[in-house]
Amino acid sequence: MKILGLNLGYMATASMCVDGEIISCVSQERFSRKKNDESYPKEAIEFCLDYSGIKSGDEIDFVAIGSLMHDIWHRLAHYYSGFNIADRMQEQHDYWKPLMYEGKEILWQELYADRLDFDQFPGTWGQLASRLSKSPYLTESDQHEVNEHIITTISNHVGVPKERSTFVDHHTAHAAYAYYASPFQEGKTLILTLDAFGDGNSASISIGDNGSIVRVKTISHKDFQIARIYRYITLLMGMKPDEHEYKVMGLAPYAKSDTYNKAYEVFRELIYVDGLDFKFHKIPNDLYHYFRDRLEGIRFDGIAGGLQKYVEDLITEWVSNIVTEYGIHRIVFAGGVVMNIKAIQKVTELDCVKQVFVPPSPGDDSLGMGAAYHCAKEHDSSEIKMLSNAYLGSDISASEISLLLQRIKKENKPYKILINAKSSDVARKIAENRVLGRCSGRMEFGARSLGNRSIIANPRSSKMMRIINEKIKNRDFWMPFAPAILKEKADDYLINPKNIWAPYMTIAFETQKLAQEHLAAAIHPADFTARPQMVCKDQNYEFHALISEFERLTGIGGVLNTSFNLHGEPIVRTAEDAYRVFELTDIDDLLVGDTLISKV
């Protein structure tokens, strides 16, 4: 059975599930080169169909679409990919404050009418918009119109009969992804989802039992607002909401308790845990202006530190209560809040928790995979197979490499070219403290580069952080990099008494003294925690071989690994994308497939 899984909207993504196994998944931003692209994922869909060998829509058994409710206006305005920090801040004053404080009736779509792009594929959005009511929120009738338009668009594009498309509840899809992508399908497993909003809810508790999922509790978006709090604090600190929350998390460890306590108390006054529920001490009109008034004058790192501690305390208390209630000590997570790796670390450290698994990129970009898993469970007799790895995108073809080499020759670039480069050749460059861009093998899905579209460097000296920032990334000075560690060496570097498996950079760990010596540039400089990728042969033989060769040369069983992109751009996909970054930065070496291109 072939199921096309889709996430439409923020970080639009397509995936393909064949006989219970996810075989491809890629986000539209990798094709459009627009970060967080929310437009219809035309090229992403076409890649998944092509990779599966599907020539006709009749070959697709189902199209599974994550979420029952689909916003149109933010998509048409390119809200996530096109609005900058100033736009998002102005929105608070021009839209939300008049709406929430002054009781004015303002239509978002009219306020931002000049930004609505009705011509984006398939070019029929204007016709849809003309049929919708003049309401701040989509009515039930409006949502029916939007969903019908989505199904028609897919049918016209792919050729799949309209009746084969189905919408899957947002948190049902998150839960299915968390559970079926995990190695915990035997016995009982807690499945927890946490995000900002999805079909009216923000969190859920389910139980997985030998391959089946039963939802036992749902929490409304009106009650669980951790994601929204983090979003607006990100904006108040001058960073982009729905994108830069990780920067706030990265800043938090620099704050000491005497710096963050005042902010922590401000946050603690708002929401608390009551059993399995979240409740307000008091309900503010809105979050942005509420916190702006109360946090004024508190130092920036104190705000970040207070917020992070508050989030960690809320989530760990909630998880502890759930484990006590159901007596299940193994947990899988999904949802945007789960991208907070430090909060997940605190969950792993709870005495009542024995095992935790977080799949790659557990936010909305994986929603289509969850929808496909759910649909497969409902309609396919095949066994649902766990996600074996995250390398679900396009590979680098021989023709791409050939064209690139022709271009280099034509432009008379003074680069040294090594065809059929071996792991030892590449490892030697890294050992010499040269910075490598690696674009080789199938592209990884999700927000984290996992070796195949990565910038790789020697992690031993903390000076490497500054070198990479100055040469390539232009990242904020406080942000840490992450290590890719040989699975066999994980215990040498990580404090992990529960042997938690973390191959996707989705969980943070305390580190051993040896890590602080060997991996100084790839751990957090303030608290020495690490967000590791545990690399094993079964998941990525070539990357494992490269790190093994680096270890043979240096005695260090890991490398610094960061995403291969310019700051603010999507991760590279093609050889051409990689070469562009190579040309625009001071990256020393570029591995494209097995061809090594070196600056002299």
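Just the Kirkwood number for the stretch 324-412, please: inverse of mean 1/r across all distinct Cα pairs, in Å, one decimal.
Its Kirkwood hydrodynamic radius stands at 17.1 Å.
Normalised by the residues of the chain, what does the relative contact order come to in percent, with Cα pairs under 8 Å and at least six apart?
Normalised by residue count, the contact order of the chain is 16 percent.
Going through the stretch 412-494, which GluC sites (Glu not before Pro) have at most 15 other Cβ atoms within 10 Å and a DSSP loop state?
Here the sparse-neighbourhood loop sites are E432.
Calculate, in nm to one decimal, what I85 and D476 gain on full extension: separation in residues at 0.36 nm each, minus their alpha carbon distance.
139.2 nm
Reachable lysines from K489, Cα under 16 Å, same-chain residues fewer than 8 places away excluded?
K498, K513, K537
Hey, got the Cα dimensions of the stretch 218-278 along the principal axes, in Å, largest first?
Projected onto its principal axes, the Cα set of the stretch 218-278 covers 33, 28, 16 Å.
With a cut-off of at most 10 other beta carbons within 10 Å, and DSSP calling the residue loop, which trypsin sites (Lys or Arg not before Pro) in the stretch 176-283 qualify? Please list them.
Answer in residue order: K282.
Within straight cross-link reach of K134, meaning Cα distance under 23 Å, which lysines are found once same-chain residues fewer than 8 apart are removed?
K97, K104
Tell me, what is the FRET efficiency for K354 and R407 to the nearest 0.05, using R0 = 35 angstrom and their Cβ-Cβ distance as r?
0.05
Using Cα positions and a limit of under 16 Å, work out the aspartates and glutamates in reach of K188, with same-chain residues fewer than 8 apart set aside.
D209, E325
Could you check how much of the accessible area of the stretch 401-463 is carbon and sulfur, as a whole percent, using a 1.4 Å probe?
Of all accessible area on the stretch 401-463, carbon and sulfur atoms account for 49 percent.
With all protein chains present and a 1.4 Å probe, how do R453, R573, R407 order by accessible area, largest first?
Sorted descending by solvent-accessible area, the residues read R407, R573, R453.
If I ignore ligands, DNA and RNA and count only protein heavy atoms, how much of M89 is accessible to a 1.4 Å probe, in Å² to the nearest 10?
M89 exposes around 60 Å² with every protein chain in place.
What is the Cα radius of gyration of the stretch 1-101 over 2.2 N^0.38 Å, N being its residue count?
For the stretch 1-101, the normalised Cα radius of gyration comes out at 1.32.
Which log10 I(q)/I(0) values does the stretch 441-567 give at q = 0.12, 0.13, 0.15 Å⁻¹ under the Debye formula, counting every alpha carbon as one identical point scatterer?
-0.38, -0.45, -0.62
How much solvent-accessible surface does T193 expose, in Å² to the nearest 10, with a 1.4 Å probe and all protein chains in place?
That residue has around 0 Å² of solvent-accessible surface.
Which of the residue pairs K409/K599; K247/K309; K346/K463; K2/K377; K309/K346; K256/K309 have a Cα-Cα distance greater than 18 Å in the structure shown?
K346/K463
Accessible area per residue, 1.4 Å probe, Å², for the stretch 1-118: what's the number?
Spelled out: the 1.4 Å probe surface of the stretch 1-118, per residue, equals 38 Å².
Give me the orientation-averaged projected area of the Cα convex hull of the chain, in nm², one decimal.
Taking the Cα atoms of the chain, their convex hull projects to 26.0 nm² on average.
Over the stretch 1-69, what is the relative contact order in percent, taking alpha-carbon pairs closer than 8 angstrom and at least six residues apart?
Worked out over the stretch 1-69, it gives 38 percent.
Taking only DSSP H segments of four or more residues, each worth -39500 (n - 2.57), what value at 222 nm results for the chain once the sum is divided by all its residues, to the nearest 500 deg cm²/dmol?
Per the formula, -10500 deg cm²/dmol.
Quick check: Cα centre of the stretch 28-72 to Cα centre of the stretch 160-182, how many Å?
14
Which trypsin sites (Lys or Arg not before Pro) in the stretch 128-187 sit in a loop by DSSP (not H, G, I, E or B) and have at most 14 other Cβ atoms within 10 Å of their own Cβ?
Counting only loop positions with at most 14 other Cβ atoms within 10 Å, the trypsin sites (Lys or Arg not before Pro) in the stretch 128-187 are R131, K134.
Over the stretch 120-247, calculate the relative contact order: mean separation of alpha carbon pairs under 8 Å at least 6 apart, over the residue count, as a percent.
13
At 25 °C and a viscosity of 0.890 mPa s, what translational diffusion coefficient does Stokes-Einstein give for the stretch 159-198, taking Rh as the Kirkwood radius over Cα pairs? Give it in µm²/s as a whole number.
Reported coefficient: 201 µm²/s.
The values are calculated or read from the model by the stated rules, or taken from the named source; none is laboratory data. If you're wondering where the values come from, they're calculated on a predicted model, not measured in any experiment. So basically every Cβ, Gly included, is an ideal-geometry build from the backbone, and we count neighbours across all protein chains shown. Side chains are part of the model used for accessible areas, which takes the heavy atoms of the whole protein and leaves out ligands, DNA and RNA. Shrake-Rupley method; radii C 1.70, N 1.55, O 1.52, S 1.80 Å.
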